[in-house]
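Shown next, in structure tokens, is the structure this report addresses.
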Amino acid sequence: MEKWYGAAAICLNADNSLLMIKQGTLEEEKLWSIPSGGREPGETNEECCIREVKEETGYDASILRPLFFKKTIQDDYIVEVEYFEVRICGGEANIQDPDGLVYEIDWKKADDITNLGLTYPDERNLLTDFVKGASHLNWGTHTIITKRCVLAPIQSDNLEEVVNLYSNVRVRQYLGGACEVDDIKITFRKMLETNEDDWNWVIRSKQTNEFIGLVNVAMHHSNEDYEISYQLLPKWWGKGLATEATSEIITFCFTHLKLPRLVAETQIANKASRKLLERLGMEQVDQFTRFDSAQALYMIESR
């Protein structure tokens, strides 16, 4: 399957309105989206983003910060788009789209976006949340969107969800058993600490925003490699969500964090976890006893 890379711009003005364009082919219904497009040969995602803003709106833009990645499959293409927050630093509204697809430029409030016909309807909640401030969404370079999930950095208001996860007997069957609330709170505080060597993502349903579980990447006990680990509530087991979420985290670790390899440790008795790691392309490289249980160590290397 071929890959397609692009960039998108999220831009707010002083009135907290979002820069949007109305676009479509002659035959299509004209729908609204944020400025975006495909990366040209030799371009970085940042350069692509700035160019698309200029072509589609006439404004000169500069990058404020990367926000998140969105990966989907469309028409037999693997599509990966990086979203940036940008600011306007010059120019004026003027359609210069070489493809002739843009018909209107406007600034939209959150309430407007709620009712707009969108080119990409799955972006509606993300865009309205961003315009409203989205304090519960730590928009940053580690937020990743998959076909069915949003993986966002853990936040202080996730405590109750993490307590429910860590105290679930079925979830913790092969992880040392259910944890006491006081111990969970200590673990949670550590998750919130800023640490360049430790990443924690909350997995949510893109459709319902329900909490699904956690994915973590941190230094393994060996202090030689980074380890990926995951916990999902039983409600979401057997739906392929663990594979979907962890595979994207692995890709992110290799392509954006530039890690040379990842390991994962699981109890040998945990057949479901071992099958998941094998589906991800990981291979067993060691076997040992830790925490009074037989453990298997899996590894995958960046290609």
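The values are calculated or read from the model by the stated rules, or taken from the named source; none is laboratory data. Just so it is clear, the structure is predicted and the values come from calculations on it, not from any experiment. Don't worry about glycine lacking a Cβ; one is built from the backbone with ideal geometry, like all the others, and counts go over all protein chains shown.
Residues that are among the aromatic types (Phe, Trp, Tyr) and outside the structural domain of PHE68 (by TED's automatic domain parsing): which strands (runs of 3 or more DSSP E) entirely in region 186-303 hold 1 or more of them? Talk me through it step by step, then tell me what you get.
Numbers: elements: 198-205, 211-219, 226-232, 261-267, 283-290, 293-301.
In region 186-303, 198-205, 211-219, 226-232, 283-290, 293-301 are the strands (runs of 3 or more DSSP E) which contain 1 or more residues that are among the aromatic types (Phe, Trp, Tyr) and outside the structural domain of PHE68 (by TED's automatic domain parsing).
Pairs needed: first member in region 288-299, without any contact (Cβ under 8 Å) to a residue 12 or more places away in the chain; second member anywhere, part of a strand (DSSP E or B); C-beta distance under 8 Å; at least 6 residues apart or different chains.
PHE288/ALA294; PHE288/GLN295; PHE288/LEU297; THR289/GLN295
Output the qualifying pairs, or none if there are none: Cβ atoms under 7 angstrom, residues six or more apart or on different chains, first residue in region 174-195 and closer than 22 Å to ASN270 by Cβ, second residue of a type in the set (A, V, I, L, M).
Partner pairs satisfying both residue conditions: TYR174/ALA269; ALA178/VAL169; ILE184/VAL162; ILE184/VAL163.
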